[in-house]
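Bear in mind that the values in this text are calculations on the coordinates, not laboratory data. Since we're looking at a predicted model, the values are computed, not measured. Every residue, glycine as well, gets a Cβ built from its backbone with ideal geometry; the counts of neighbours run over all protein chains shown.
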Amino acid sequence: MEKLADIGVVGLAVMGENLVLNMESKGFRVACYNRTVDKVDAFLAGRGQGKNLVGCRSLEELVASLEPPRRIMFMVRAGAAVDQLIDSLAPLLEPGDILVDGGNSSYHDTTRRCADLEKKGLLYVGAGVSGGEEGALHGPSIMPGGNAAAWPALQPILQAIAAKAADGAPCCEWLGPDGSGHFVKMVHNGIEYGDMQLICEAYQLLSQGLGMAAEEIQPIFADWNTRELDSYLIQITADILGHMDAETGKPTVDLILDTAGQKGTGKWTSQVGLDLGVAIPQIAEAVFARCLSAVKDERVAAKSYLLGPEGTFGKEGGANKGVNADKDAASFVKQLEKAVYAAKICSYAQGFQLLRTASMEYGWNLHFGDIARIWREGCIIRARFLGTITEAYETDPELANLMLAPYFREVLAGAQAAWRSVLSTAIGLGVPVPVLAASLSYYDGYRCERLPANLLQAQRDYFGAHTYERIDRPRGEFFHTNWTGTGGSTASSTYSV
Ligand code: 6PG
């Protein structure tokens with residue numbers, strides 16, 4: 001009888017196929033199944049030819065071909081397809097068998113599936129996989145969480161196929177129970193949205209604001225990629241800006257319609273921020289920026305009706321008119337690099353605040369240093385500075401906010417003047433920079449000892465008797481004022497969302 005397979009993979013779209021090839025290249029025998037079984041034959045006759053794979057034409061065959069306890073990873077579309085697959089597979093399995101969802105599932109779904117399957121003795125894991133097609137093939141970042149009893153059997157395979165950081169550590173670590181792995185992947189994607197939009201804003205400041213061509217902006221990103229901003233997304237931006245369209249000879253980027261798509265993980269991150277009451281304005285603004293980009297026709301029509309400043313760089317219009325008349329492009333580019341780095345730090349600080357709150361809310365005991373560590377390579381947000389984030393959390397796991405770590409505090413202090421000046425230039429020129437602007441507002445808001453929420457509380461109390469606390473009384477005591485003399489002294493019941 002043929003040797004049983006080490007792991008099964010369901011779903012042979014490009015990510016699934018590449019993960020199978022990655023596993024096989026690391027010495028594992030992999031059983032493969034796809035709902036449209038022709039795909040299995042095509043894969044085995046094509047990219048999988050001559051490899052240590054078992055092609056399966058039914059879920060029964062897949063289950064029979066696996067070494068117990070069976071390990072089955074699926075790379076199928078998140079949502080109903082995952083539930084259908086689980087419903088079909090579960091009756092075929094035995095207690096102790098392991099199911100791993102490698103798609104971008106909602107963490108709520110993963111938490112529910114973990115609990116349901118645990119009742120049947122099956123071990124369920126939600127593992128976010130980042131790195132796109134290339135990552136899946138050569139080494140992704142993998143974020144597993146769920147039933148911890150599955151980890152000893154999964155660890156040798158998942159850590160073997162994961163990307164390796166410069167120190168040799170695999171970019172895959174057990175993160176916690178329930179849907180914590182998918183939660184971490186969701187936040188990864190939210191941060192990805194923020195990073196991408198921030199880069200796009202820098203690009204628009206240079207192109208629309210300074211009138212630079214794609215070929216002139218390309219070396220700027222390539223240069224930034226040699227210092228603190230060194231990251232995959234900056235690197236691919238430089239590549240993209242240097243790419244010429246074969247048909248027209250023009251920069252390809254200039255020919256692409258300016259409406260962004262989205263599959264929803266950035267939206268989920270923003271929604272969870274609202275649900276958990278955590279300020280993640282940069283991620284939310286990045287999602288809204290995509291929404292605004294999508295109404296192209298409205299924007300084109302509005303151009304003739306909604307006025308803006310008419311100045312050019314160095315001679316901005318509006319409130320800034322003439323203020324920066326002596327500015328030169330080279331020093332602006334230097335300032336912009338500092339502003340982008342400062343904004344990036346604030347964005348990650350927000351992402352980690354969300355992780356921290358979720359960890360407390362759900363009792364997950366997440367290790368933030370580990371999370372930054374497994375994002376160092378393989379994933380879309382891989383970047384040099386993630387190593388520094390790991391160090392910050394290892395030095396102080398209780399860090400209240402990443403911005404407070406000594407290194408980041410200093411960078412933010414050093415970027416002050418440049419950050420503010422870049423924003424005033426953007427405002428003066430009328431170039432939209434929602435994420436960059438949100439970064440500075442977050443920074444200024446977080447360090448503000450007295451926000452105007454005193455007035456806000458007074459307003460709530462005025463129209464709705466919602467009560468307020470006083471600075472000269474202990475916290476937790478609530479007061480109501482009869483502001484008009486006619487509203488009465490009855491406070492509404494206090495409740496918080
Ligand atoms: C990754 C990516 C991946 C996918 C995004 C795209 O980590 O490898 O995040 O998961 O490319 O989901 O998301 P949008 O279509 O929403 O931009």
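Could you tell me which of the pairs K3/K39; K185/K344; K120/K263; K3/K119; K51/K164 are separated by over 21 angstrom between their Cα atoms in the structure shown?
On the way: K3/K39 23 Å; K185/K344 18 Å; K120/K263 32 Å; K3/K119 31 Å; K51/K164 24 Å.
Result: K3/K39; K120/K263; K3/K119; K51/K164 exceed 21 Å.
Once fully extended, how much extra length lies between I471 and L292, figured as 0.36 nm per residue of separation less the alpha-carbon to alpha-carbon distance? Don't skip to the end; give the middle numbers.
Values: separation 179, 0.36 × 179 = 64.44 nm, distance 4.11 nm.
So the chain would gain 60.3 nm between I471 and L292.
D for segment 426-490, whole µm²/s, Stokes-Einstein with Kirkwood Rh over alpha-carbon pairs at 20 °C and 1.002 mPa s: what number? Don't jump to the answer; show the numbers that get you there.
Details: Rh = 14.7 Å.
For the chosen part, D equals 146 µm²/s.
Applying 1/(1 + (r/R0)^6) with R0 = 41 Å to the Cβ-Cβ distance of E410 and E361, what FRET efficiency is obtained, to the nearest 0.05? Please list the in-between numbers first.
Working: r = 31 Å, r/R0 = 0.76.
With R0 = 41 Å, the Cβ-Cβ based efficiency is 0.85.
Grab the DSSP H runs of the chain that are 4 residues or longer, score each as -39,500 (n - 2.57), total them, divide by all residues and round the 222 nm result to the nearest 500 deg cm²/dmol.
It lands at -16000 deg cm²/dmol.
Between D239 and Y305, what's the calculated FRET efficiency when r is the beta-carbon distance and R0 is 41 Å? Round to 0.05. Before the final figure, lay out the partial values.
On the way: r = 38 Å, r/R0 = 0.92.
The computed FRET efficiency comes out at 0.60.
Taking +1 at the Cβ of each Lys and Arg and -1 at the Cβ of each Asp and Glu, which of Y107, L451, N147 sits farthest along the dipole of the chain towards its positive end, judged by Cα position relative to the Cα centre?
L451
Tell me the label-point distance for the pair R227, L276, using the 7 Å Cα-to-Cβ offset, in nm and rounded to one decimal.
3.3
Classify the chain as rounded, prolate or oblate from the Cα gyration tensor: take a ≥ b ≥ c as the square roots of its eigenvalues, call it rounded if a/c is under 1.5, otherwise prolate when a/b beats b/c and oblate if not. Walk me through the intermediate numbers first.
Details: a/c = 2.12, a/b = 1.37, b/c = 1.55.
It is oblate, given that a/c is not under 1.5 and a/b is not larger than b/c.
Are there any helices in the chain, counted as whole DSSP H runs, that stretch 24 Å or more along their axis by Cα and score at least 0.0 on average by Kyte-Doolittle, and if so which? Intermediate results must be reported in sequence, preceding the final value.
Numbers: long enough: 180-204 (36 Å, -0.15); 329-362 (49 Å, 0.17); 406-429 (34 Å, 0.55).
Result, helices passing both filters: 329-362, 406-429.
Assuming 0.36 nm per residue, please report the length gained on full extension of the stretch A115 to I256 beyond their Cα-Cα distance. Before the final figure, lay out each step's value.
Details: separation 141, 0.36 × 141 = 50.76 nm, distance 4.51 nm.
Extra length available between A115 and I256 comes to 46.3 nm.
Whats the longest run of the chain with zero chymotrypsin sites (Phe, Trp or Tyr not before Pro) that are DSSP loop and have at most 10 other Cβ atoms within 10 Å? Don't skip to the answer; put the middle values down first.
On the way: sites that count: Y305, Y495.
The segment 1-304 is the longest one with no such site.
Measure out, as a whole number of angstrom, how far apart the alpha-carbon centroids of segment 139-209 and segment 329-389 sit.
With segment 139-209 and segment 329-389 each reduced to a Cα centre, they are spaced 11 Å.
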